[in-house]
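**Student:** Submitted below is the structure of interest, expressed as structure tokens.
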Amino acid sequence: MKYLFTICLFFCCSLGMAQVQFKSGKSGFTNFLRDNTIYPQFSKDNCIQGTVNVSFKLDEKGKVYFSKISKGILSELDEEALRLVRLSSGKWQVPAGYDTTVSIVAPVNFRLSGYNCEGKSNEEIQEAIRNYQAEEGLTNSVINFYKNIDQAKPGQEIQIMAIKSQLGIDDEYLDDRIKMGLKKIKQGDKQGACEDFLFVKYMGSKKADDYLVKYCK
């Protein structure tokens, strides 16, 4: 089982400008993405694929100082594409006199192979996307509750626990989220890891507290 992850780049600027290159060569960025992509679990389980367009800017040292989604699919795929672009910071070689205000657009193509996706109908995939979006709203309600738990009303946490159970957010799920964060730490993506650890915290768990202290001060 594997996923395929391809990318091409183009510039939102006038023709003839010297090109930015990945330091390890023409296929370097594609290889970098292949080695570092953590395909989001829900999208992988439900065969959600497609292209996420990421717009980003580089400074004179080849570091990413700005990035945003210009065309997305699903928030977890969008976030992974952004994370990878952010992780590539400092690995770019820019020519002398490079205009650092220029936006580079990276169409990031997520493709799955070997996950029985060939038999998945478009209707099933679209239904999965709708379910994800509905669950995302419920997840945000849990996050907001624990972020503002000092203002919680009596008995409100019982409702939040029911929502967590409905979403399948249990100890095993949170442990997997921590493992994902630790993998990102090994990749050098401290920001992405801390987002995972904070997610665990805002699910009302103390499982990631030590990692937050260690990596996210």
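Values quoted throughout were computed directly from the atomic coordinates according to the rules given, and no laboratory measurement underlies them. Just so it is clear, the model here is predicted, and its values are computed rather than measured. All Cβ positions, even for glycine, are placed from backbone atoms using ideal geometry, and neighbour counts span all protein chains on display.
**Student:** Local charge sum around residue 210 (other residues, Cβ-Cβ under 15 Å, Lys/Arg +1, Asp/Glu -1)?
**Tutor:** Charge balance in the 15 Å sphere: +4.
**Student:** List the aspartates and glutamates whose Cα lies under 13 Å from the Cα of residue 68, skipping any in the same chain that are fewer than 8 positions away.
**Tutor:** 78, 79, 80
**Student:** Cα to Cα, under 16 Å, and not fewer than 8 places away if on the same chain: which aspartates and glutamates meet these conditions relative to residue 91?
**Tutor:** Within reach: 35, 59, 60, 189.
**Student:** While we're on this one: Please enumerate, by chain and number, the aspartates and glutamates with C-alpha under 14 Å from the C-alpha of residue 164, excluding those fewer than 8 residues away in the same chain.
**Tutor:** Within the straight-line cut-off, residue 164 pairs with 135, 136, 172.
**Student:** Could you tell me which of the pairs 23/190; 44/153; 44/201 are separated by over 32 angstrom between their Cα atoms in the structure shown?
**Tutor:** Numbers: 23/190 22 Å; 44/153 38 Å; 44/201 25 Å.
Correct reply: 44/153.
**Student:** When percent of Cα pairs over 33 Å apart is calculated directly from the model, which label among (1) 11; (2) 25; (3) 21 fits?
**Tutor:** (2)
**Student:** Right, another one. Specify which residue in the list 174, 25, 39 is farthest towards the positive end of the charge dipole of the chain, using unit charges on the beta carbon of Lys, Arg (+1) and Asp, Glu (-1), about the Cα centre.
**Tutor:** Farthest towards the positive end: 25.
**Student:** While we're here: Under 5 Å between amide H atoms, partner at least 5 residues away or on a different chain: which partners does residue 108 have, H built in plane at 1.01 Å?
**Tutor:** Amide H neighbours of residue 108, under 5 Å, 5+ apart: 52, 53, 54.
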